[in-house]
Amino acid sequence: MNRTLRRLAAAVATAVALVSTGLTAAAPASALSPVTYTVEAPAKTWVGDWIDLGLRCSTTCPNGVLDATVSISGGPTLDLPAEPHYTTDWQVQAIASGTDASPVSHTVTVTFTDETGSARTLTKQMQVNRRSPQPVENLTGNDGMDATVTWDEPLIDGGSPVTGYVVQVDSDPWVSLGAAVRTFSLAGLTYGPHQVRVVPVNAQGWGWGEPVTVLRGVLPSAPVVTVTGTAHPTVTWTESVAGGVTVTGYVVYSGGIPVATLGAAARSVTLSSLDPGIQDLQVAATCAWGPGRFSTAVEWDQATVPSAVSTPTVAPGNGRITVSWEAPSDDGGMAVTSYSVRVVDATTRTVLGTATTGSTSVDVTGLLNGFPVLAQVAAVNEIGASGWTDAAATAAPNGPAPSAASLTAAATDTTPSATQKITLRGTLAITSKSEAGQQVQIWIKQYGAATWTRASTVTLTSTGAWSITRSFGAKTAVQARYFGSVALGAAQASSTIITVSPHVGVTAKTTSSSFAPKTSYAFGSTIYVPVSTGGAPAGAIASLQKKSGSSWVTVATGKLSSTGKVTLKWKPTVRATYSLRVAVTGSSTIATGYSATMSRKVA
């Protein structure tokens, strides 16, 4: 009979015998439970480590495991939590420990009843090593003229008794102290804040620890603060007592953020730039190592400008308009004291009339009949003015039409160099009126700009003539404008638009290597050409060109410096008399410029 058959026969015989005696055999746990259980524990750990202890399953641990505990020889017995994770964490401490050279192992035993009801016991060996101590406890800095640092011994010594402590102040050398010492004095150190680190030591080496900040000296005391004012707070404070430390100044804080820094003699300040809303104001004196103690906070509710008024309505009249509106929905925290009203030209937004009132309606007079204007209103309180609110549409004062006016403009040169001044001139003619003393405004719009800008105002001569002289550094549209006169009954007028398109101004000459002026050269010499420019764009290229037939050919180039200068060099290879010039590249706003032509002989 082979071995398998003999085992089967023995099992049958045993079962028959048990049935005949009325007993039932308990099957081995491995036969009842399909789960493979092992002990969850590290093979090696160190004193002070946090480790996981308990059961580990080949797959997810099943429900139904009961009464699970884990024990460490020479250490505690711990209950394991219920499914699905039969593990707990434990900090290694209060058990024997060793080293790799002299190992100490502990038996980790897990007992439990598995999901079949069978009692189980599993074990695993775990080596526990000693290490350096954990940080000291209750590290405390005690500020003052006699500043000290105190501490308590570490909760966990790493498995080896603490033999002493080492202390470092800032980056000074470490100081060694005995195992029984619990305090360190900063006597003799400079006044001010210091970073102090205390590290425990045992036979395994130094531990570690975070520093604590300690102030040797006395911080300036907290000033007593009062706050007064309506629109903006005036903060006043008493002198801070420094206790032998020199006060270098005072800092005012709003909500913990510095808003004013003042000298040591200051005792008040008015804060005119606070954000709106409720905020806490405080003051602290400063000394060589920072701020002192903060004053008790004083609450301040900062008001702001009013919100915008409603859209104004406009009723036109003879030489005037009547503007009406509703008060703003929010006065900003302070009562509205007045309203500012202005009337602007509908096209250029030039201000033609203004008024100030305490009511919500006002007449603006002195306007030209028949010319559209736009009314704007702003509410004002003690803090300032709201934004302007435009009327829904323009309106034109009605009444007798003003006398017609015409305005001309011309330029002496529309393609000057960027450094060249040109004259703009023209005349104003008002039907049956004297133009003397009237004013014309000159408006400009540079290339690519969206809006016009007023550049100057010119008073007319007795003949109605006007003129200005100026330079243009970029392509610019120019227009003269007359906004009429109520006193003369004269209408508005505008000139045609003149476009001035300047070019880069270029000055060049030829020199020797010593930069002495020179007009003729021996064959084989190098021609030096210093170049200076006006209005050239940043990074522009200067090109030395020679004339060849009817064309110009570039023979040398150079990039302009930040001051608009460069020196070009060229060594002719043929004896001849050359016509030379320098070209400097422009941009979208200024044209390429050329120097005067220079005739130079190379023989």
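The values are calculated or read from the model by the stated rules, or taken from the named source; none is laboratory data. Just so it is clear, the model here is predicted, and its values are computed rather than measured. Cβ sites come from the backbone with ideal geometry, for glycine too, and all protein chains shown count toward neighbours. The area values use the complete protein model at the heavy-atom level, side chains included, leaving out ligands, DNA and RNA. Shrake-Rupley method; radii C 1.70, N 1.55, O 1.52, S 1.80 Å.
Output the residues belonging to segment 87-103 that are open to solvent by 40 Å² or more (accessible area, probe 1.4 Å) and farther than 20 Å from Leu155 by Cβ. Matches in segment 87-103: Thr87, Asp100, Ala101, Ser102, Pro103.
Return yes when Ser579 is buried (at least 18 other Cβ atoms within 10 Å of the Cβ), in a strand (DSSP E or B) and among the small types (Gly, Ala, Ser) and no when it is not. For Ser579, the condition - buried (at least 18 other Cβ atoms within 10 Å of the Cβ), in a strand (DSSP E or B) and among the small types (Gly, Ala, Ser) - is not met. Among the residues of segment 313-347, which ones are over 30 Å from Pro233 (Cβ atoms), in a loop (DSSP other than H, G, I, E, B) and in contact with a strand residue (DSSP E or B) (Cβ under 7 Å, 6 or more places away or on another chain)? Those that are over 30 Å from Pro233 (Cβ atoms), in a loop (DSSP other than H, G, I, E, B) and in contact with a strand residue (DSSP E or B) (Cβ under 7 Å, 6 or more places away or on another chain): Gly319, Trp325, Ala346. Counting the residues of segment 244-263 that are in contact (Cβ under 8 Å) with a residue 40 or more places away in the chain and of a type outside the set (Ser, Thr, Tyr) gives 4. Among all residues of segment 266-283, there is at least one that is modelled with pLDDT of 95 or more, closer than 25 Å to Asp143 by Cα and assigned to a strand (DSSP E or B). In a loop (DSSP other than H, G, I, E, B) and either among the hydrophobic types (A, V, I, L, M, F, W, C) or more than 20 Å from Ala418 (Cβ to Cβ) (or both), is that true of Ser561? Answer is no for this residue. Could you tell me how many of the residues in segment 122-168 are aromatic (Phe, Trp, Tyr) and within 13 Å of Val201 (Cα to Cα)? Residues that pass the stated criteria total 1.
Taking the stated definitions as given, is Gly353 in a strand (DSSP E or B) and closer than 29 Å to Ile444 by Cα? Yes; evaluated as a whole, the condition is true for this residue. Taken together, the residues in segment 222-246 that are farther than 30 Å from Val167 by Cβ, modelled with pLDDT under 95 and of a type in the set (Ser, Thr, Tyr) amount to 2.
Answer yes or no as to whether Pro223 is of a type outside the set (Asp, Glu) and either part of a loop (DSSP other than H, G, I, E, B) or touching a Leu at 6+ places or on another chain (Cβ under 8 Å) (or both). So Pro223 passes the test.
Report whether or not Thr183 is polar (S, T, N, Q), more than 30 Å from Ser71 (Cβ to Cβ), over 45 Å from the mean Cα position of the chain (by Cα) and open to solvent by 60 Å² or more (accessible area, probe 1.4 Å). So Thr183 does not fit the description; no. Tally time: how many residues in segment 395-424 are under 28 Å from Pro372 (Cα atoms) and surrounded by fewer than 19 Cβ atoms within 10 Å (Cβ to Cβ)? Qualifying residue count for the region: 10. Look at segment 205-232: where a residue is at positive phi and open to solvent by 40 Å² or more (accessible area, probe 1.4 Å) and a partner is hydroxyl-bearing (Ser, Thr, Tyr) and not in a loop (DSSP other than H, G, I, E, B), sitting 6+ places away or on another chain with Cβ atoms under 9 Å, you get Gly229/Thr270. The single residue among Ile541, Ile498 that is at pLDDT 95 or above and open to solvent by less than 40 Å² (accessible area, probe 1.4 Å) turns out to be Ile498.
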